[in-house]
Each structure stands twice: as structure tokens, then as C-alpha cells.
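Here's the structure we're looking at; comments come further down.
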Amino acid sequence: MSAYVGAIVLTAAISGCSASEPAQSEEEGHATPSGYWEGDGTASEKLMNDEVRTLTRTVEFEFWFAMNADGEAFGEIELKYDAELIVIGLPKVTVPAPAGMSISFQPKVGGKMTDLDPTRTFPLVGILDGDNLTLMIATPEEKRETLDFTIRGDAGVSGSMGLGESGDASVGIDGGNAQLIVIEIDMTAFSPFNGAAPVEKRAGGPYAARFEEKGEEYAIEWSARQIGGEKREEMKMTPEMELELRRLKEQLGLD
């Protein structure tokens with residue numbers, strides 16, 4: 001089972017200097033990347049992709065953060081998740097019918113996100129190391145509220161669906177005498193971030209970051225830009241955010 005590699009498409013318009021362009025953070029008369037930033041994006045990956053099963057999960061998200069003079073970023077991210085399981089090409093099933101007869105039919109199995117509110121909000125931390133920006137959800141995966149995913153199958157269908165990072169659950173679907181099989185699974189609220197984004201200053205404009213990565217089973221693309229000024233209430237630092245920032249620095253070899 002493939003581990004999720006986050007995939008993100010982030011559109012943050014980056015324009016040149018204009019009368020409405022926000023003031024840049026300055027240090028000794030020079031523009032710096034510190035200050036307020038905003039970004040958004042999408043992520044997707046095929047967790048399963050064989051001749052019978054395709055399981056895809058996606059996420060759309062928006063985030064903001066304030067970066068200090070040390071390149072440390074603290075903010076918040078809002079993510080809206082989705083997932084779909086498509087099963088095709090299953091063998092026909094024959095079941096007994098009245099009067100000694102039997103009926104054959106092509107069984108159907110499928111799954112989708114059934115969470116009434118698949119939106120999750122988490123604190124966000126990040127670090128600017130040279131010209132590279134790395135972001136991380138500041139809530140450990142095991143502490144994030146899970147999402148409801150439901151598989152439905154016709155009677156007579158049997159199989160196993162390993163969901164890997166989605167709780168490492170293995171789901172058996174066995175019809176027996178039932179007419180419909182319904183299995184509910186807790187899916188992980190996964191992080192869309194994977195890797196560092198190069199940061200550059202646009203001529204006459206703000207600093208901006210963009211990350212893009214694509215593979216056969218996933219795609220990643222995100223960007224963010226410096227807005228200038230505090231557009232949100234000041235983020236209150238929590239011990240959890242400080243811990244995740246330290247972990248991030250350790251991963252990057254900065255501590």
C-alpha cells in the first residue's frame with residue numbers, strides 16, 4: 001500500500017507593484033520575507049490503483065501564517081477532504097431464488113467520504129531555511145479528528161481493501177445472506193505538505209513561494225505570497241506548536 005504523498009495545487013495571485021500593493025517588511029531599509037503570508041491549494045493521491053480497485057483521496061486547503069525575523073512561521077490551515085473508492089470488473093455472483101431457480105448479477109462495490117463536515121482546521125508552523133520554506137501541520141496525526149469513509153457492497157461480494165495510512169485498516173466485504181454490506185472506516189486527516197518550496201522576491205512586489213511535484217499516483221503544487229501587515233488576529237503560541245516547530249527544525253538539521 002502506498003504511503004500518502006501529499007499532492008497540492010495552490011493558487012495565490014502574484015502581481016507586480018501597484019497602488020494597492022501592501023507595504024513590504026523592512027529591515028535596515030531592505031525588504032525581508034518576514035510578515036503576514038497567505039496561500040491555498042489542493043492535494044490528491046491514488047492509494048490504490050489496480051485492475052479492480054481505485055482509491056483516491058483529495059484535499060483542498062487555505063492557510064495563513066506570520067513569519068518572524070528568524071524565519072519561523074506560525075499560523076493556521078483549513079482543509080476540506082474528499083475520497084472515493086471505485087471497484088470494477090468483479091466476477092458475477094449467483095444466488096438462489098424461489099422455485100429452485102437462481103439469479104446471476106454483476107455485484108457493485110464502492111466507497112466515498114460520508115463525513116457530514118469534512119473540513120478540519122489545525123495550527124500551522126513553518127521555517128524559512130535560506131531560500132526554502134517548509135510548512136507543517138502542528139497537530140500530530142494521531143491527535144487529528146478522523147473522517148468518516150463508507151464502503152457499500154452488494155451481497156455475495158468478498159474481498160479485502162487495505163487502506164494503508166487511513167488507519168491501516170483491512171476491510172473484508174462478505175455478503176452472506178445480506179442484501180447490502182455497509183462498512184464505516186475512520187480515515188486520517190492527512191497533511192498535504194511534502195518538501196520545501198523555493199522563496200523568491202518578485203521585482204517590485206512581495207516575496208512568494210511555490211512548490212510543485214508530480215508522480216504517477218500523485219501531484220503536488222502549491223504557492224503562497226507575502227501580503228504585508230497583520231490581516232488576522234495574532235496567533236497564540238501553544239506548547240504543541242513549539243514542539244512541532246522543534247521537530248521540524250530537527251528534520252531539517254537546523255537544531
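What strands (runs of 3 or more DSSP E), lying completely within region 59-151, carry at least 3 residues that are under 19 Å from P192 (Cα atoms), of a type outside the set (D, E) and at pLDDT 95 or above? If you could, list the steps in order and put the result at the bottom.
Details: elements: 72-87, 93-97, 101-105, 109-113, 119-129, 132-137.
The strands (runs of 3 or more DSSP E) meeting that bar are 72-87, 119-129, 132-137.
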For P198, the lone unmet condition from (1) modelled with pLDDT of 95 or more; (2) crowded, with 16+ Cβ neighbours inside 10 Å is (2)
Across region 31-61, which residue is surrounded by the fewest Cβ atoms within 10 Å (Cβ to Cβ) among those that are more than 23 Å from Y81 (Cβ to Cβ) and aliphatic (A, V, I, L, M)? V52
S2 vs. criteria modelled with pLDDT of 85 or more and within 30 Å of T114 (Cα to Cα): no
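The values are calculated or read from the model by the stated rules, or taken from the named source; none is laboratory data. Predicted model only: the values in this text are computed from it and were never measured. Backbone-built Cβ (ideal geometry, glycine too); neighbour counts: all protein chains shown.
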